[in-house]
């Protein structure tokens, strides 16, 4: 065996590799592009703490968010964090939208023309998106990379950890880039007339009954595999109604069949009010904010409850609570595919605690 080669006594020590600070990545008055082209409301809300970290650390830089057209109007609400929003036309090999192939060359040319100082991949593991983000032509890029796969840039990429909460994940990346923040709060800016819109919906649907308090039960989800059983939600609704609460079923226009089925399965439909398809995002978020409790699948409404600090019970059937459950476990309880009885008991317990605390 050959002996290890030792440096001569007077050899200069090897300097450690240092992470590049944000000042190097983002010059004064620089520009950063953030790529987060995921379709869900929760997908954007979980990235807001990281986006906020950029603004708090570097208020001088211009922040551009590239996202799907379906989420552009939502992203545009975050005027304090994002300077402009660019709609992503899709790209071959990426899910969530059929790519507009004709629009891709013009989109890439426009991104390259803007000469961003830094492009951050906030989309996922990077197995499909790191190469795409590099096509944007930014001076530097950053993000995560799959373990075992070399990073595009050693100093600005981190290996992906599957079992990590989405909020902590992106804050960890920003901290690595020299933009630290411990603020994990999510928020959802609402239109000035959101309260008035919610009042109108409640007045038409339930009248004065809403004044005594209510709970929100949301049985839908954008992905069918994330939906807990209608029978389970009807059991929960019955138990909450028996506990003296008015129950509001919420959902989008495409979820009316689900909410109607849940209501039809309840023992006392008169205590259950179906609001599916009757609320905008602003009205829904306001109603969630006013609710005593929210019971929902792992879907956007669970993140709205977290953003409005409304207690919730979130039922997980497919996704990992470690990644997607609301962070405040004292206010939000995640249950993995629980039995109807277990979920109902937890919901009633949390409702009673909320009433006791409010008394």
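General remarks:
- Any chance residue 202 is crowded, with 19+ Cβ neighbours inside 10 Å, more than 26 Å from the chain's Cα centre (by Cα) and in contact (Cβ under 8 Å) with a residue 40 or more places away in the chain: yes
- Qualifying residue in segment 269-288 (condition: over 23 Å from residue 197 (Cα atoms) and surrounded by fewer than 24 Cβ atoms within 10 Å (Cβ to Cβ)): yes
- The set of residues from segment 242-268 being surrounded by 18 or more Cβ atoms within 10 Å (Cβ to Cβ) and touching a strand residue (DSSP E or B) at 6+ places or on another chain (Cβ under 8 Å) comprises 245, 246, 247, 248, 249, 250, 251, 259, 262, 263, 266.
- Check on residue 118, over 16 Å from residue 31 (Cα atoms), in the same structural domain as residue 26 (by TED's automatic domain parsing) and modelled with pLDDT of 95 or more: no
For every residue, the table says whether it meets (1) surrounded by 14 or more Cβ atoms within 10 Å (Cβ to Cβ); (2) at pLDDT below 95.
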position: 145; (1), (2): yes, no
position: 148; (1), (2): no, yes
position: 151; (1), (2): yes, no
position: 157; (1), (2): yes, no
position: 160; (1), (2): yes, no
position: 171; (1), (2): yes, no
position: 186; (1), (2): yes, no
position: 192; (1), (2): no, no
position: 210; (1), (2): yes, yes
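- Flag if residue 239 is crowded, with 16+ Cβ neighbours inside 10 Å, touching a residue at least 40 places away in the same chain (Cβ under 8 Å) and more than 22 Å from the chain's Cα centre (by Cα): yes
- Criterion violated by residue 311 - all others in (1) within 23 Å of residue 163 (Cβ to Cβ); (2) surrounded by 22 or more Cβ atoms within 10 Å (Cβ to Cβ) satisfied: (1)
- Counting only residues that are surrounded by fewer than 18 Cβ atoms within 10 Å (Cβ to Cβ), over 17 Å from residue 233 (Cα atoms) and in contact (Cβ under 8 Å) with a residue 60 or more places away in the chain, segment 324-350 holds 1 of them.
The values are calculated or read from the model by the stated rules, or taken from the named source; none is laboratory data. It should be emphasised that the depicted structure is a prediction, and the values quoted were computed from it without experimental measurement. Note: ideal-geometry Cβ built from the backbone for every residue, glycine included; neighbour counts use all protein chains shown.
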